[in-house]
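Asker: First, the structure itself, so that you have it in front of you.
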Amino acid sequence: GAVVSQHPSWVICKSGTSVKIECRSLDFQATTMFWYRQFPKQSLMLMATSNEGSKATYEQGVEKDKFLINHASLTLSTLTVTSAHPEDSSFYICSASRQEYEQYFGPGTRLTVT
Amino acid sequence: QKEVEQNSGPLSVPEGAIASLNCTYSDRVSQSFFWYRQYSGKSPELIMSIYSNGDKEDGRFTAQLNKASQYVSLLIRDSQPSDSATYLCAVNQGYGNKLVFGAGTILRVKS
């Protein structure tokens, strides 16, 4: 159990366009989902916490108007990177919380902005 | 002072040996502790969780927690080359569901 999927697994887009990433908990309901970003050889950086039916809570320094998060149901959260630029190229990973604060990670989405 | 500290490594151990990974945390109210394994280019995978003082064993893995010393460790017995990865220590400090991650320890198991 505790399977989390992400789609797409990788995406290449042009500078100025928007990209949507989906995160789904496949076999459990997740009241809370998290979005992380990881640059090469660096640690995970939490971007935002997403609760079903409410606005996401963004970490300090993360632009909420650039990284739009929607958590429409207990099994689906989406991250939209708006007006993407090359510096947004990174590995985006979602996680879902099931119980006792355990977080299960999706496989990640590698975004390249050209 | 970082909230969750790990030695970055790399920690090199021969195949079949015990690998010992350590983590300290700064917030005494922390309640839940986790170890994740992350292979290069992949996302983290939960391998152990521990909530009370003492040892918790799962197969070749043993997590150890000492809240008085604010210390959590992970032992990997009979280390295999496939255990080579970055191991992340994560702590829930009791303020909501967020986890605070350490920077990770790189483990290399040499055959």
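The values are calculated or read from the model by the stated rules, or taken from the named source; none is laboratory data. These numbers come from a predicted model, not from an experiment. With ideal geometry, Cβ positions are generated from the backbone for all residues, glycine too; neighbour counts draw on all protein chains shown.
Residue-by-condition table, conditions (1) touching a residue at least 40 places away in the same chain (Cβ under 8 Å); (2) among the hydrophobic types (A, V, I, L, M, F, W, C); (3) more than 11 Å from B:Ile50 (Cα to Cα); (4) surrounded by fewer than 18 Cβ atoms within 10 Å (Cβ to Cβ):
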position	(1), (2), (3), (4)
B:Ala63	no, yes, no, no
B:Ser73	yes, no, no, no
B:Ile76	yes, yes, yes, no
B:Ser82	no, no, yes, yes
B:Tyr87	yes, no, yes, no
B:Val100	yes, yes, yes, no
B:Thr105	yes, no, yes, no
B:Val109	yes, yes, yes, no
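Yes/no per residue for (1) within 20 Å of A:Arg98 (Cβ to Cβ); (2) more than 13 Å from every other protein chain (Cβ to nearest Cβ):
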residue	(1), (2)
B:Leu46	yes, no
B:Glu57	no, yes
B:Tyr71	no, yes
B:Ser79	no, yes
B:Ser82	no, yes
B:Leu88	yes, no
B:Val100	yes, no
B:Gly104	no, no
B:Lys110	no, yes
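Asker: Please give the strands (runs of 3 or more DSSP E) falling wholly within the stretch A:19-114 in which 2 or more residues are over 26 Å from B:Gln31 (Cβ atoms) and under 14 Å from the mean Cα position of the chain (by Cα).
Answerer: In the stretch A:19-114, A:19-25, A:67-73, A:76-81, A:90-97, A:109-113 are the strands (runs of 3 or more DSSP E) which contain 2 or more residues that are over 26 Å from B:Gln31 (Cβ atoms) and under 14 Å from the mean Cα position of the chain (by Cα).
Asker: B:Asn92: within 14 Å of chain A (Cβ to nearest Cβ), of a type in the set (S, T, N, Q) and in contact with a Leu (Cβ under 9 Å, 6 or more places away or on another chain), yes or no?
Answerer: Yes, satisfied.
Asker: Among the numbered conditions (1) in contact (Cβ under 8 Å) with a residue 60 or more places away in the chain; (2) among the β-branched types (Val, Ile, Thr); (3) over 25 Å from B:Ile50 (Cβ atoms), tell me where A:Thr57 comes up short.
Answerer: Among (1) in contact (Cβ under 8 Å) with a residue 60 or more places away in the chain; (2) among the β-branched types (Val, Ile, Thr); (3) over 25 Å from B:Ile50 (Cβ atoms), the lone unmet condition for A:Thr57 is (1).
Asker: Sticking with this structure for a sec: Give me the residue from the stretch B:14-38 that is farther than 19 Å from B:Val91 by Cβ and in contact with a helix residue (DSSP H, G or I) (Cβ under 9 Å, 6 or more places away or on another chain) and, out of that set, surrounded by the most Cβ atoms within 10 Å (Cβ to Cβ).
Answerer: B:Ala19
Asker: Provide a single number: the residues in the stretch A:66-99 that are small (Gly, Ala, Ser), within 14 Å of chain B (Cβ to nearest Cβ) and out of contact with any Lys or Arg (no Cβ under 7 Å at 6 or more places or on another chain).
Answerer: The number of residues fulfilling the criteria is 4.
Asker: Name every residue in the stretch B:1-39 that is modelled with pLDDT of 95 or more and small (Gly, Ala, Ser), in order of residue number.
Answerer: B:Ser12, B:Gly16, B:Ala17, B:Ala19, B:Ser20
Asker: Go through A:Glu63, A:Glu102 for me and flag whichever is of a type in the set (Asp, Glu) and within 14 Å of chain B (Cβ to nearest Cβ).
Answerer: Of the residues listed, the single one that is of a type in the set (Asp, Glu) and within 14 Å of chain B (Cβ to nearest Cβ) is A:Glu102.
Asker: With respect to A:Phe34, determine if the residue is more than 23 Å from A:Thr17 (Cβ to Cβ), out of contact with any helix residue (DSSP H, G or I) (no Cβ under 8 Å at 6 or more places or on another chain) and either within 10 Å of another protein chain (Cβ to nearest Cβ) or modelled with pLDDT of 95 or more (or both).
Answerer: yes
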